[in-house]
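First the structure, which I've put down as structure tokens, then a few questions once you've had a look.
The values are calculated or read from the model by the stated rules, or taken from the named source; none is laboratory data. Predicted model only: the values in this text are computed from it and were never measured. Here the Cβ is made from the backbone with ideal geometry for all residues, glycine too, and neighbour counts use every protein chain on show.
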Amino acid sequence: MAVEEDAFEQPIIEIERRIEELSGFNDKPRQKEILRLRRKLSELRREVFSRLTPWQETLVARHPRRPYTLDYIQHLCTEWVEVHGDRKFADDPAIVAGFALFSGRPVCIVGHQKGRDTKEKIRRNFGMARPEGYRKAIRVMRIAEKFDRPILTFVDTPGAYPGIDAEERGQAEAIASNLREMAGIRVPILVTVTGEGGSGGALAIGIGDRINMLEHAVYSVISPEGCAAILWRDAAQARAAARALRLTARDLDELGVIDRIVPEPEGGAHTNGAEAARIVGELLARQIEEVSGMPAQERLNERYRKFRSMGRFTEVMG
């Protein structure tokens with residue numbers, strides 16, 4: 001059963017492979033077959049992605065072809081200038097930060113970057129930032145505040161790096177400091193969870209006026225595997241943990257944790273990164289106009305109320 005659940009995209013992959021095999025031929029019978037297969041592929045994608053389980057949503061959120069922060073910057077921005085280093089220890093490639101023009105407006109952009117090939121994944125530590133990454137992020141955000149630039153953050157990380165070196169340099173303090181600082185930054189902050197929103201590593205750049213989440217992204221206090229290891233001491237229970245964690249966009253919208261579910265291209269953002277970026281860009285452009293029109297103190301008060309009101313519970317009297 002677990003194998004079947006993990007292999008939910010296999011029929012889609014098989015049709016894509018068949019289309020690719022036929023694409024080198026120009027004769028009418030094969031072109032007709034390609035059209036038929038494309039229609040079938042579209043129907044199958046809609047069917048499969050309309051009934052994903054929480055565990056399958058997690059696998060989609062981790063898809064290696066999913067667009068990352070630099071992809072969104074490439075598709076949405078011009079005049080991108082990256083800023084490096086935290087002015088305390090080092091630069092952390094797991095987080096990219098800098099300034100660009102978005103829809104003709106100067107903005108600050110901060111986001112996780114996982115890397116594509118093995119070499120880049122290692123260099124960027126699979127998107128798991130160390131303390132210097134979070135300190136770089138808040139340094140750049142403070143510059144944005146000084147020059148009145150809206151801040152766009154893109155969240156996609158399994159979590160903050162848990163290594164000894166990160167702990168020695170104050171990982172928890174760096175994350176906590178970012179939460180405090182972002183709560184008080186006076187310029188608009190728009191947060192978009194594009195893939196994995198993992199624990200404090202996500203929250204460290206996740207405080208804002210609007211919290212968006214892509215349709216097949218996940219956002220949780222811990223990964224399903226980590227939860228399963230703690231509760232059941234069995235990684236095979238990750239599927240059950242994914243259900244219990246309520247980590248999908250639909251769950252978090254229902255719980256009031258996010259403001260907007262962002263639709264993805266048919267079959268997920270990994271099938272068409274440019275279209276995914278266009279959809280995200282249109283939403284962010286509207287939200288910047290909306291949030292920028294508010295007085296700064298009113299915006300801060302609303303941001304505070306947003307996060308203070310999160311969390312629902314039922315009290316049972318004995």
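Residue-by-condition table, conditions (1) aliphatic (A, V, I, L, M); (2) farther than 30 Å from PHE147 by Cβ; (3) surrounded by fewer than 21 Cβ atoms within 10 Å (Cβ to Cβ):
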{"residue": "SER177", "(1), (2), (3)": "no, no, yes"}
{"residue": "GLY198", "(1), (2), (3)": "no, yes, no"}
{"residue": "GLY201", "(1), (2), (3)": "no, no, no"}
{"residue": "ASP234", "(1), (2), (3)": "no, yes, yes"}
{"residue": "GLU254", "(1), (2), (3)": "no, yes, yes"}
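Here's another thing I want to ask about it. Name the one entry in VAL218, VAL187, VAL191 that is under 15 Å from the mean Cα position of the chain (by Cα), closer than 18 Å to ALA285 by Cβ and not basic (Lys, Arg).
Matching residue, one of VAL218, VAL187, VAL191: VAL191.
Okay, residues lined up against (1) closer than 25 Å to ARG45 by Cβ; (2) in the same structural domain as GLY184 (by TED's automatic domain parsing); (3) out of contact with any Gly (no Cβ under 8 Å at 6 or more places or on another chain); (4) surrounded by 17 or more Cβ atoms within 10 Å (Cβ to Cβ):
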{"residue": "ILE230", "(1), (2), (3), (4)": "no, yes, yes, no"}
{"residue": "GLN237", "(1), (2), (3), (4)": "no, yes, yes, yes"}
{"residue": "ALA242", "(1), (2), (3), (4)": "yes, yes, yes, yes"}
{"residue": "ILE258", "(1), (2), (3), (4)": "yes, yes, yes, yes"}
{"residue": "PRO263", "(1), (2), (3), (4)": "yes, yes, yes, no"}
{"residue": "GLY268", "(1), (2), (3), (4)": "yes, yes, yes, yes"}
{"residue": "ALA274", "(1), (2), (3), (4)": "yes, yes, yes, no"}
{"residue": "VAL280", "(1), (2), (3), (4)": "yes, yes, yes, yes"}
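Quick check on my filter: what residues within the range 44-61 are among the basic types (Lys, Arg) and surrounded by 15 or more Cβ atoms within 10 Å (Cβ to Cβ)?
Selection gives ARG45 alone.
Continuing with this model, one more query. Would you please name the residue that is surrounded by the most Cβ atoms within 10 Å (Cβ to Cβ), looking only at residues in the range 109-124 that are of a type outside the set (Val, Ile, Thr) and touching a Ser or Thr at 6+ places or on another chain (Cβ under 6 Å)?
So, considering only residues that are of a type outside the set (Val, Ile, Thr) and touching a Ser or Thr at 6+ places or on another chain (Cβ under 6 Å), the one surrounded by the most Cβ atoms within 10 Å (Cβ to Cβ) is HIS112.
Sticking with this one: Here are some residues: GLU302, GLU298. Which one is touching a residue at least 24 places away in the same chain (Cβ under 8 Å), surrounded by fewer than 15 Cβ atoms within 10 Å (Cβ to Cβ) and not hydrophobic (A, V, I, L, M, F, W, C)?
GLU302
Which of the numbered conditions does GLY267 fail, given that it passes all the others? Conditions: (1) outside any helix (DSSP H, G or I); (2) at pLDDT 95 or above.
(2)
Consider the range 217-231. How many of its residues are touching a Leu at 6+ places or on another chain (Cβ under 8 Å) and part of a helix (DSSP H, G or I)?
2
Right, another one. Looking only at residues in the range 68-101 that are among the aromatic types (Phe, Trp, Tyr) and out of contact with any Phe, Trp or Tyr (no Cβ under 7 Å at 6 or more places or on another chain), which one is surrounded by the most Cβ atoms within 10 Å (Cβ to Cβ)?
Here the answer is TYR68.
Filter the range 60-90 down to residues that are closer than 16 Å to ILE205 by Cβ and not aliphatic (A, V, I, L, M) and give me whichever is farthest from the chain's Cα centre (by Cα).
The residue in question is ASP86.
Still on this structure, please answer the following. Among residues belonging to the range 22-71 that are in a helix (DSSP H, G or I) and in contact with a strand residue (DSSP E or B) (Cβ under 8 Å, 6 or more places away or on another chain), point out the one that is farthest from GLU120 (Cα to Cα).
If we filter the range 22-71 for residues that are in a helix (DSSP H, G or I), which is where we start, we get 22, 28-49, 54-61, 69-71.
Narrowing the set further to residues that are in contact with a strand residue (DSSP E or B) (Cβ under 8 Å, 6 or more places away or on another chain) leaves 54, 57-58, 61, 69-70.
Working: PRO54: 29, GLU57: 25, THR58: 22, ALA61: 19, THR69: 14, LEU70: 13 Å.
Out of the qualifying residues, it is PRO54.
Residues being outside any helix (DSSP H, G or I) and in contact with a Ser or Thr (Cβ under 6 Å, 6 or more places away or on another chain): count how many of those fall in the range 197-216.
Residues in the range 197-216 being outside any helix (DSSP H, G or I) and in contact with a Ser or Thr (Cβ under 6 Å, 6 or more places away or on another chain): 4 in total.
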